[in-house]
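Worksheet for the structure shown next.
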Amino acid sequence: MEVKIDQSWKGVLQEEFGKDYFAKLAEFVKSEYTHAVVYPPPKDIFRAFNLCPFEKVKVVILGQDPYHGRGQANGLCFAVGERVPLPPSLQNIFKELSADCGLLIEARAKKGDLEHWSKQGVLLLNATLTVRAATPGSHQRKGWEEFTDAVVLALSDKREHLVFILWGNYAKQKGAHIDRTKHLVLESAHPSPFSAYHGFFGSKPFSKTNAYLKQHNEKQIDWL
């Protein structure tokens, strides 16, 4: 698998690309795309990084797996392709955004891509960057988690005053080693319908993020 990733990330992650686990991961992913239907399309595997260079990151939102339905996964966690119906978690994210920032939910109702966020410095990072169609979790424990752990650690160590948004227990565990003396970490329940009413709704992650960015003289995110 050729690593087509933004040059800024190549410099930061070069050591990872040379490790044995990554070579095995690359072979596995290449084989999967050859023998099965896999999401997202190969060109979008590293889309989150290509839209948001390392030095431009302001906010990190951690997801788990890409969506496994046709046309859904686009390389950005929680996002879907244009004109694709919004999954329940993304619907709930927009509901909280509307309540938190006073934005009309209808303005985002058909804009599930979230590229607009990425280009402003929001790294929408899944722990696992690929998945077999209709088979959630199928590419877990193949090496992606080790790679994305290295991404989180690099951001924690080499940057300052970032906001890490951790929704649900999986993201909280993945973000356990973030340096909280240098960064703001916002934790809540997952936006899934199974947990959104148990701490996600009312958590105000979007306004808290912008307040922190403003405090540190960074341009705020236009979430709409």
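Structural remarks
- Note on segment 74-101: residues that are touching a residue at least 24 places away in the same chain (Cβ under 8 Å) and either acidic (Asp, Glu) or under 18 Å from residue 203 (Cα atoms) (or both) amount to 13.
- Inside segment 79-90, residues that are surrounded by 20 or more Cβ atoms within 10 Å (Cβ to Cβ) and part of a loop (DSSP other than H, G, I, E, B) make up a count of 2.
- Residue 76 meets the stated requirement of being touching an Asp or Glu at 6+ places or on another chain (Cβ under 8 Å), closer than 22 Å to residue 172 by Cβ and among the hydrophobic types (A, V, I, L, M, F, W, C).
Okay, residues lined up against (1) open to solvent by less than 10 Å² (accessible area, probe 1.4 Å); (2) modelled with pLDDT under 95; (3) among the charged types (D, E, K, R):
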site	(1), (2), (3)
132	no, no, yes
139	yes, no, no
159	no, no, yes
166	yes, no, no
180	no, no, yes
206	yes, no, no
209	yes, no, no
220	no, no, no
223	yes, yes, no
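- Within segment 182-202, residues that are among the aromatic types (Phe, Trp, Tyr) reach partners that are open to solvent by 30 Å² or more (accessible area, probe 1.4 Å) with beta carbons closer than 8 Å, at six or more positions or on different chains, in the pairs 200/190; 201/95; 201/99.
- Taking residues in segment 102-120 that are open to solvent by less than 50 Å² (accessible area, probe 1.4 Å) and at pLDDT 75 or above, and partners anywhere that are in a loop (DSSP other than H, G, I, E, B) and basic (Lys, Arg), the pairs with Cβ atoms closer than 9 Å and at least 6 places apart or on different chains are 112/83; 120/58; 120/219.
- The set of residues from segment 17-26 being without any contact (Cβ under 8 Å) to a residue 24 or more places away in the chain and not in a loop (DSSP other than H, G, I, E, B) comprises 17, 20, 23.
- Search result, residues across segment 31-63 that are part of a helix (DSSP H, G or I), surrounded by 14 or more Cβ atoms within 10 Å (Cβ to Cβ) and of a type outside the set (S, T, N, Q): 32, 33, 42, 44, 47, 48, 49, 51, 54, 56
- Considering each residue of segment 134-149 in turn, none proves to be within 28 Å of residue 210 (Cα to Cα) and touching a residue at least 40 places away in the same chain (Cβ under 8 Å).
- Meets criteria (assigned to a loop (DSSP other than H, G, I, E, B), free of Cβ contacts under 8 Å to residues at least 24 places away in the same chain and of a type in the set (Gly, Ala, Ser)) for residue 71: yes
- Of the helices (runs of 4 or more DSSP H) contained entirely in segment 110-224, those carrying at least 2 residues that are within 14 Å of the chain's Cα centre (by Cα) and within 26 Å of residue 13 (Cα to Cα) fall at 115-118, 144-158, 168-174.
The values are calculated or read from the model by the stated rules, or taken from the named source; none is laboratory data. Source: prediction; values computed, not measured. Virtual Cβ from ideal backbone geometry, glycine too; neighbours counted across all protein chains shown. Surface accessibility is based on the protein's heavy atoms, side chains included, excluding ligands, DNA and RNA. Shrake-Rupley method; radii C 1.70, N 1.55, O 1.52, S 1.80 Å.
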